[in-house]
1. Amide H neighbours of residue 180 under 5 Å, counting only residues 5+ apart in sequence or on other chains, H built in-plane at 1.01 Å?
2. Once you wrap a convex hull around the alpha carbon atoms of the stretch 1-129, what is its projected area averaged over all directions, in nm²?
3. Run through every distinct alpha carbon pair of the chain and return the Kirkwood hydrodynamic radius in angstroms, one decimal place.
4. When DSSP beta bridges are limited to those with both residues in the stretch 3-224, what percentage is antiparallel, rounded to the nearest 5?
5. Between residue 90 and residues 5 or more places away or on another chain, which pairs have amide H atoms under 5 Å apart, with H built 1.01 Å from N, and which residues are they?
6. For 86, 149, what's the fewest-to-most ordering of other Cβ within 10 Å of each Cβ?
7. Which length gain, in nm to one decimal place, applies between residue 125 and residue 176 when the Cα-Cα distance is subtracted from 0.36 nm times their residue separation?
8. With N set to the number of residues, divide the alpha-carbon radius of gyration of the stretch 163-225 by 2.2 N^0.38 Å and report two decimals.
Amino acid sequence: METLVISDTHLYEFEQKKFDFLMKLFSDYEKIIINGDFWDGWYWNWDDFIQSKWKGLFTVLQSRDVTYVLGNHDLMENKSAVGLFCTRQVSSYMIRIGGTMYHFEHGHRLSEKVIKSRLFKRYAAFVEAQHRSLLLPMHKFERLVGKLCPEILFNSKAGSKRNGLVKEYFKSNPVKGVDMYVIGDTHSQELDIKNHFANSGPTAYGYAFYMTISDKGIALKQVRY
Ligand SMILES: [Mn+2]
């Protein structure tokens, strides 16, 4: 049986195509790991999210075994999604599949640790401090780019560089017993078996990156929706 791993769906404005795609995808797997940034708390509230049209996805998720790993955009403010759309809500998760021990976490904790760039730190501090009135225009700009030229938002050089830094971090700070680290966050999908590292990638602007895990290991998936 395969486990679905998906991250960085950043659910916000309702998109029928994305909804239909996710509905079908979630229906196809009994075990699902949402590896962070399922919805986007930078732009709207938890209460608005769970009452939105996206809640149609919860029905199928309720009938699955769903692990919800929180990301930096899943701003729950002590709320729980257990029973609503997940079986367990965690900040990291370890599970053995086919003899391999996997460690899942969204990865933002690591980005903060490994990124030395002053520009990134300034950007992070700016975003942290901003009210939605400034984040929303930024989002609108990203959406425009996403519609015109989505390719530049995914698998960027900056993203794969961040993946590289996280690999280095896990090399010097290994989690005991772990064979494979799986993160999201950088929006750069990757499978690097030699370095025990994988990134599930994002799903947005008509591009779905995700992975499945079976006894044979990880398989990366990329499809259009
Ligand atoms: Mn993130």
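Just so you know, all these numbers are worked out from the coordinates, no wet-lab data involved. This one's a predicted model, so the numbers in the text were calculated from it and none came from an experiment. Neighbour counts are summed over all protein chains in view; Cβ atoms, including those assigned to glycine, are modelled from backbone coordinates with ideal geometry.
1. Under 5 Å from the amide H of residue 180 lie the amide H atoms of 101, 103, each far enough along the sequence or on another chain.
2. Working: hull surface 35.4 nm².
Mean shadow area of the hull around the Cα atoms is 8.8 nm².
3. Working: mean 1/r = 0.0561 Å⁻¹.
Taking the inverse mean of 1/r over all distinct Cα pairs, the chain comes out at 17.8 Å.
4. Working: 22 of 41 bridges.
Close to 55 percent.
5. HN-HN under 5 Å from residue 90: 68, 69, 70.
6. Numbers: 86 23, 149 10.
In increasing order of surrounding Cβ atoms, one gets 149, 86.
7. Details: separation 51, 0.36 × 51 = 18.36 nm, distance 3.19 nm.
In short, 15.2 nm is gained.
8. On the way: Rg = 12.4 Å, N = 63, 2.2 N^0.38 = 10.6 Å.
Scaled against compact globular proteins, the figure is 1.17.
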